[in-house]
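Chemist: A single structure is presented below for examination.
Any read-out appearing in this document is the output of simple, stated calculations on the displayed coordinates, not a laboratory observation. From a predicted model like this one, the values you see are computed outputs, not experimental measurements. Every residue, glycine among them, receives a Cβ derived from its backbone with ideal geometry; neighbour counts consider all protein chains shown.
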Amino acid sequence: MKSPLKAALLSVVLLVLFAGPASASPTVLAAEPWHYWISFVLAASFLGLVLMMVVGFVVKVVMLKYGIKVGRKST
């Protein structure tokens, strides 16, 4: 066996051996009632990021492909 293959095999074996189930206490796993509001903030920011990426792609790639120019007209 070559050295990189041995290292990869060793890392997989160690991962399987030492990756056991998490032993967190039930109080850590139970969400407090006031934590729910962060889900709305995270979901809105994710949707905003996806929207900005789509709009940026359309402006920078698609509109240039078809020769559509955006912005101020030069006088």
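Chemist: For Lys69 and Leu49, what does the FRET efficiency come to when R0 = 35 Å and r is the distance between their Cβ atoms, rounded to the nearest 0.05?
Modeler: According to the calculation, E is roughly 0.85.
Chemist: Also: What distance in nm separates the simple spin-label points at Trp37 and Val13, each placed 7 Å from Cα in the Cβ direction?
Modeler: Result for the modelled spin labels: 5.2 nm.
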